[in-house]
1. Restricting the first residue to the stretch 29-53 and requiring it to be within 12 Å of residue 8 (Cα to Cα), which pairs with a second residue that is in a helix (DSSP H, G or I) and open to solvent by less than 50 Å² (accessible area, probe 1.4 Å) meet a Cβ separation below 6 Å and a spacing of at least six or different chains?
2. Between a residue in the stretch 1-24 that is closer than 16 Å to residue 50 by Cβ and any residue that is part of a strand (DSSP E or B) and among the small types (Gly, Ala, Ser), which pairs come within a Cβ distance under 9 Å, given they are 6 or more apart or on different chains?
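The values are calculated or read from the model by the stated rules, or taken from the named source; none is laboratory data. Model, not experiment: these values are computed from the prediction. Every residue, glycine among them, receives a Cβ derived from its backbone with ideal geometry; neighbour counts consider all protein chains shown. For accessibility, only protein heavy atoms count, side chains too; no ligands or nucleic acids. Shrake-Rupley method; radii C 1.70, N 1.55, O 1.52, S 1.80 Å.
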Amino acid sequence: MPKLLPFRIHFEDPQIAPLDLDASDVGNARQLAATRRGVPVGAIRKVKIIREKVDG
């Protein structure tokens with residue numbers, strides 16, 4: 001089973017809240033987000049990996 005990474009998905013429409021989800025890669029994250037929000041994949045503006053902030 002592939003390792004899941006945390007992603008934050010931002011949409012073109014500002015009324016659609018960003019979505020945080022775990023997926024194996026960017027393509028999978030885009031597809032999951034589009035399905036969960038009921039929008040086409042083209043409605044996604046940005047996909048970012050959520051990185052932990054480490055106090056050093």
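1. 47/29
2. 4/23; 5/23; 6/23; 7/23
Okay, residues lined up against (1) touching a helix residue (DSSP H, G or I) at 6+ places or on another chain (Cβ under 9 Å); (2) on the phi > 0 side of the Ramachandran plot; (3) outside any strand (DSSP E or B); (4) open to solvent by 60 Å² or more (accessible area, probe 1.4 Å):
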{"site": "6", "(1), (2), (3), (4)": "no, no, no, no"}
{"site": "14", "(1), (2), (3), (4)": "no, no, yes, yes"}
{"site": "21", "(1), (2), (3), (4)": "yes, no, no, no"}
{"site": "28", "(1), (2), (3), (4)": "no, no, yes, yes"}
{"site": "33", "(1), (2), (3), (4)": "yes, no, yes, no"}
{"site": "39", "(1), (2), (3), (4)": "yes, no, yes, no"}
{"site": "46", "(1), (2), (3), (4)": "no, no, no, yes"}
{"site": "52", "(1), (2), (3), (4)": "no, no, yes, yes"}
